[in-house]
Amino acid sequence: MTSEERESNCPTIVSVGDHRRIKQPRRRELAMFTDRPWVGLRTFGDGVYWTVRRWCLQDHKALMYSVNQTVSLLGQVIISVRVAPRNPSSDVILPYSKANGSARVKMGRTEVIASVKAELGRPSSSAPGKGKVSIFVDCSPTAAPQFEGRGGEELSMELSAALRQCLLGGKSGAGGGINLSSLSIVDGKVCWDLYIDGLVVSMDGNVLDALGAAIKAALSNTGIPKVNIASATTPDEQPEVDVSDEEFLQFDTTAVPVIVTLTKVGRHYYIADATSEEESQMSSAVSVSVNQQGSICGLTKRGGAGLDPSVIVDMISVAKHVSEELMNKLDSEIAAAEAMEEDSS
Amino acid sequence: MVESAKGMNDLSSEMEVDAFRRLFPLRFHERHLLESVRPDARPLGKARDTSLALGAVASADGSALAKIGSTTMLAAIKMEVMTPAKETPDEGCIAIEFHMPAICSPIVRPGRPAEAAPVVSKQLSDTIVSSGMLDLKELSLVSGKAAWMAYLDIYCLDADGALFDAALLAAVAAFSHLQIPVVSLNDDGRIVVFSKESEGEKPKNKPVNEEKRKLKLRSIPFGLTCIIHKNYILADPTAEEESIMETLITIVLDSSYQLVSLYKPGGPALAYQPIIQDCIALSRQRVGELQTILNEAICDMEVD
Amino acid sequence: MAAKAGTTPATYSPSPTTNNKKKNRTPLFSDVDWVRPDGRDFHQCRPAFLRTGAVNAASGSAYAEFGNTKVIVSIFGPRESKKAMMYSDIGRLNCNVSYTTFATPVRSQVSDNKDISSQLHKSLEGAIMLNTFPKTTVDVFALVLESGGCDLPVIISCASLALADAGIMMYDLVAAVSVSCIGKNLVIDPISEEENHQDGNLMTTCLPSRNEVTQLTITGEWSTPKIHEAMELCLDACSKLGKIMRSCLKESASTSQE
C-alpha cells in the first residue's frame, strides 16, 4: 500500500483538526489528533491514569482501546502524550551502489535517508583496537525553504552532534550502539571506518527520531566485506588486506538505541513525534535515546526554556515507555523491509 | 577638565568631559598635550605600569603573562620534535605566531582575523630572529635526525595599545621560562619523553639532552612604541591614543642598548632626526625598566 | 623564520607513548576503591576561582579557573546586528568558543569549536531576557587558555558571570556542573584524565535560584536511578557554585563602588 492510499484512508477529521489547530492553537483538544494515535495521561485523585486511543491506519479504520494504568507521576497536572503516532515506515532502498547499507524512513511527511559506507582506515593511536564511526547529517534544500543556501547548516550540525551523542555512547564506548571493537581488523594497523550519512529529504518535524530510526535500519542492512589478512608481515609494515567482494558479514544492530523526542508545548503537554507546526510552538524538547535493555544511552535538550528537574525525570520515564513501542515497531518494519528486498532480488 | 577646556571652544563649557572626549577626540588630547599630561595622568614619556608572571600555563613547556597597562599578552611555548632541514642538520627551529582572539577587542570578530595580527606576528619573528637572542644550534637533539621545533604562540587577551611591546615582552619572558623536557631516543627512532619510572628501559635509552634543559639567552630585545604627534612624543600609547594620533614608531633595543630594529609604518607625521633620537633615548630608559621587571619575575619564579 | 619560510616540517609531540604504561593505568579506574588523580573525594568539586572584569576592552568579562581549566569570556554589545540579519524584535545571542593552541597536551588538538559554541548558546539563551535588547546582538566570546577537563561547564558558568558583569538582563545566573560515570562510581567535576576513561557523562546547567534546568546532556549508558543520583549531585553542586558566583559579583560591585 502506498502512502497516498494511506492518507486518503485517514479519517476526514484530519483536515478539520489541522484547520482548527491553526485557528485556535491554544485549545489543544485531544480530538485534534485523531489522525494520529495517542496516549493520554490524566489525573484522577492521586493517581494518573493512562488512556490509550489508537487508530490503526493499516486497518483503514479507527480502533479504540483504553488502558487504565496507574503511573506514579508527581503533581496533579494533566499530561497528554501522543505516542509513536506516525508509523515509521521504513523501506530499505539501494540507490547508492557505493554504500554498504542504506534505508529510507518516513514518518508522516518527514522523510529521511541514511546510508552507511565502510572504508579501510587506520585506528587512532589513542584507541588502537577500535574502529571509527563518523556521523554527518545534511539538510536538503528541498526539505524546507529555510534550508536554501547555507540555511540548513546550523540544523545539520545540531542534528549530527545529537546523533553522535545519542548513538555512539560515552568515551569508553559504554552505551554505544555500535561495537567499535568489532570494526578492528588488525590491532593498531587497520580497521573499518564507518561513515554514516543522513539526508533530510522532507521535513515535517521530529527529524532526529526519524534519522535515528533510519540509521538503525541502514546499519541492519549493512554488509561489511570479509577481509583476509596476509599473515607474513613484520610488525612495522602495514599489513596487506584482501577485501572480499562476495562474502559479507551482517552488522549486529541489537544494541543500537532508538531516539524518542518529547516536545513540550505550553505548560503541561509533552508530545511525542511532533510535526513542524507543533515544533514551532515548543518551549523545549528533550531527546532520549534508549536501548533494548531500557537503559538511557544519551540525552539532549533543545530549546532555551528551562525545565523543572522533576519534569525532566517525568519526561525520561515517559520516553522510556514510548521507546519500547517504537523499538518493536521499528524491528518489525526492518524485518519486513528486508524480506521485501530479498524477494525482489 | 571642563574648566581647562573652556579656552578651546565655547561648546566645551556646556559639555560633559566624556561627551567632549567622544565628539572632539583630537582636540581633547591636544588640550592635554599643552599641559604635558595625558588623559590617564601620565607624563608624555612615561610607560604604563608593567607586570610579568612566568609559568602561567601548566600545559606548556614555557609560558609568561605580560601586562602593560590593560594590554595583556599570554605567551606559551610548546616543544615538538622534527627532522632538521638538510642544509642545517644541527639546528632546531622556532615558529612564532601572534593571535588576536575575539575576546581581546570589540573590533575583532571570530572567523575574521584582525588586520594587526599578521603584522605583529611578522614583526615579532623578525625581531627575535635578528636580535640573535637564541642560538638555534641549542635546539638540536640528534644531528641530522631530530631537533626541537619551538612553537611560540602569543595570545592577546586584552588589546589596549602598544601590542607589539607587550607581545615581545611576553615572548622573551616565555623563552626565559622555557624548560626543555628530557627526552630519549627509542628503538623506532622516535623521540619520547624520558621517564625515570619506566623500569628496565633505562640502560637502553639514555636521555639525549640532560644538560641542555635551559636555553642561553644572549642579548634580549625589548621594544617601545611611541606616538609622534606634531612635536610631541607619547610613549606607550593606549588604544584610544593610537586611534586618534596615527603616526607610530617602534624601537627595539637589546639589553646592551644596541638598536635591533626601528619601525615606522608611514603615518601623517614625519620623523625628523631629533625626534628619532628622543625616541631612542626614551627606549633606552624603558629597556632598563623592562630588564629589571624580567629579572624580578625570574627571581620570583626561582623562589617559588 | 628559517623553517617557516620554506616548507614547515612535520613535527610530533614527544609524548610518553610507552604503551604498557597506559594499560597499567586503565584498571586503576575500574577498581572499586580507586583514588582520584588529584586526591579529591568522588563528590568533591575542584576549588573554583572566579573574577569579573578580566578584559577592559569588553563590555563585560570574567575569568574562571577550576583546577587546570582556565577560561576567559568577554561580552561585547548589545551592538548592531549584522546587516544581513533580518529584523528581530528580540535580541540575538552570538556565542563563540575557541581554544589556544597550547590548551591541550598535544598542540592544536581541538578541532570542532562549533559544537561547543552551539552548546554554550543553548545553555545560556534560556536565562537571558532577550526582549530587553531588541534589534541588537550580544556577543559571547570564550577563549580556553588551558583545558583541564569539564571545559564546557566552566565556560558556561564563566559566560553567565561575564554577562552579569556586562549588565545584560538575566533571569538568574547559569551554573553548570558535570558528572562522570566511571565503572560503578559517579565522580563530580572530572579532570581530563578522568574524562578520557569515563563510561558516561552527565552535564546539567541550571538556574539555581529558580531551580530550572536549561540544558541537560547525557552520554554513555545509564540506568534511571543512576540518572536521578547524578542529577541530584549536579543540582546540589550547581546551587553551591551559584552562591560562589553571586558572592564574586557582590565583591566586584563593592570594590568598584569604593
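The values are calculated or read from the model by the stated rules, or taken from the named source; none is laboratory data. The shown structure was predicted, so the numbers you read here are calculated from the model rather than taken from an experiment. Here the Cβ positions follow ideal geometry from the backbone for every residue, glycine too, while neighbour counts run over all protein chains shown.
You will find that of B:Leu26, B:Leu52, B:Leu11, the residue that is at pLDDT below 85 and not in a loop (DSSP other than H, G, I, E, B) is B:Leu11 and no other. Looking at the structure I just gave you, is B:Ala102 without any contact (Cβ under 8 Å) to a residue 24 or more places away in the chain, out of contact with any Gly (no Cβ under 7 Å at 6 or more places or on another chain) and not charged (D, E, K, R)? Yes. The criterion of being modelled with pLDDT under 80, surrounded by fewer than 21 Cβ atoms within 10 Å (Cβ to Cβ) and farther than 21 Å from C:Met203 by Cβ does not hold for A:Ala174. Residues of region C:100-121 that are of a type outside the set (Lys, Arg) and part of a loop (DSSP other than H, G, I, E, B): C:Thr100, C:Thr101, C:Phe102, C:Ala103, C:Thr104, C:Pro105, C:Val106, C:Ser108, C:Gln109, C:Val110, C:Ser111, C:Asp112. Looking only at residues of region C:91-114 that are in contact (Cβ under 8 Å) with a residue 40 or more places away in the chain and surrounded by fewer than 17 Cβ atoms within 10 Å (Cβ to Cβ), we find that the one that is nearest to C:Arg210 (Cα to Cα) is C:Pro105.
Selection of first residues in region C:144-159 that are touching a residue at least 60 places away in the same chain (Cβ under 8 Å) and of second residues that are of a type in the set (Asp, Glu), restricted to Cβ pairs under 8 Å at least 6 apart or on distinct chains, gives the following pairs, ordered by first then second residue: C:Val144/C:Asp151; C:Gly149/C:Asp189; C:Gly149/C:Glu193; C:Gly149/C:Glu194; C:Gly149/C:Glu195; C:Cys150/C:Asp189; C:Cys150/C:Glu195. Of all residues in region B:69-84, those being facing chain C (nearest Cβ under 7 Å) and either charged (D, E, K, R) or in contact with an Asp or Glu (Cβ under 8 Å, 6 or more places away or on another chain) (or both) number 4. From the list A:Leu163, A:Leu155, A:Leu183, the one residue that fits, being under 19 Å from C:Lys122 (Cβ atoms) and either of a type in the set (Phe, Trp, Tyr) or touching a Phe, Trp or Tyr at 6+ places or on another chain (Cβ under 8 Å) (or both), is A:Leu155. Out of B:Ile220, B:Ile191, one residue alone is at pLDDT 90 or above, touching a Ser or Thr at 6+ places or on another chain (Cβ under 8 Å) and of a type in the set (Val, Ile, Thr). It is B:Ile220. In region C:193-206, which residue that is touching a residue at least 60 places away in the same chain (Cβ under 8 Å) and more than 7 Å from every other protein chain (Cβ to nearest Cβ) is surrounded by the fewest Cβ atoms within 10 Å (Cβ to Cβ)? The extreme case among them is C:Glu193. Selection of region B:218-229 for residues being more than 19 Å from B:Arg284 (Cβ to Cβ) and free of Cβ contacts under 8 Å to residues at least 40 places away in the same chain yields an empty set. Among the residues of region A:281-312, those that are facing chain C (nearest Cβ under 7 Å) and more than 21 Å from the chain's Cα centre (by Cα) comprise A:Gly304, A:Ala305, A:Gly306, A:Leu307, A:Asp308, A:Pro309. Can you find a residue that is surrounded by fewer than 16 Cβ atoms within 10 Å (Cβ to Cβ) and within 13 Å of chain A (Cβ to nearest Cβ) anywhere in region C:153-169? Scanning region C:153-169 turns up no residue that is surrounded by fewer than 16 Cβ atoms within 10 Å (Cβ to Cβ) and within 13 Å of chain A (Cβ to nearest Cβ).
Tallying residues that are of a type in the set (Asp, Glu) and farther than 22 Å from B:Leu44 by Cα within region B:253-299 yields 2. Residues that are assigned to a loop (DSSP other than H, G, I, E, B), more than 20 Å from C:Glu193 (Cβ to Cβ) and within 12 Å of another protein chain (Cβ to nearest Cβ) within region C:64-99 comprise C:Lys82, C:Ala84, C:Met86, C:Ile90, listed in sequence order. Here the condition is being in contact with a helix residue (DSSP H, G or I) (Cβ under 6 Å, 6 or more places away or on another chain) and within 14 Å of another protein chain (Cβ to nearest Cβ); of A:Gly177, A:Gly188, A:Gly169, it holds for A:Gly177 alone. Might you let me know whether region C:115-132 holds any residue that is modelled with pLDDT of 90 or more, away from chain A (no Cβ under 13 Å), surrounded by 20 or more Cβ atoms within 10 Å (Cβ to Cβ) and under 20 Å from the mean Cα position of the chain (by Cα)? Checking region C:115-132: not a single residue is modelled with pLDDT of 90 or more, away from chain A (no Cβ under 13 Å), surrounded by 20 or more Cβ atoms within 10 Å (Cβ to Cβ) and under 20 Å from the mean Cα position of the chain (by Cα).
Determine whether C:Leu186 is among the aliphatic types (A, V, I, L, M), under 20 Å from C:His43 (Cβ atoms) and at the interface with another protein chain (Cβ under 10 Å from one of its Cβ atoms). Against the criterion (among the aliphatic types (A, V, I, L, M), under 20 Å from C:His43 (Cβ atoms) and at the interface with another protein chain (Cβ under 10 Å from one of its Cβ atoms)), C:Leu186 does not qualify.
Being in contact with a Cys (Cβ under 6 Å, 6 or more places away or on another chain), of a type outside the set (Lys, Arg) and within 23 Å of C:Thr69 (Cα to Cα): is that true of C:Cys150 here? Taking the combined requirement at face value, the residue does not satisfy it.
Confirm whether C:Ile227 is within 26 Å of A:Ala162 (Cβ to Cβ) and surrounded by 15 or more Cβ atoms within 10 Å (Cβ to Cβ). Here the answer is yes, as C:Ile227 does meet what is asked.
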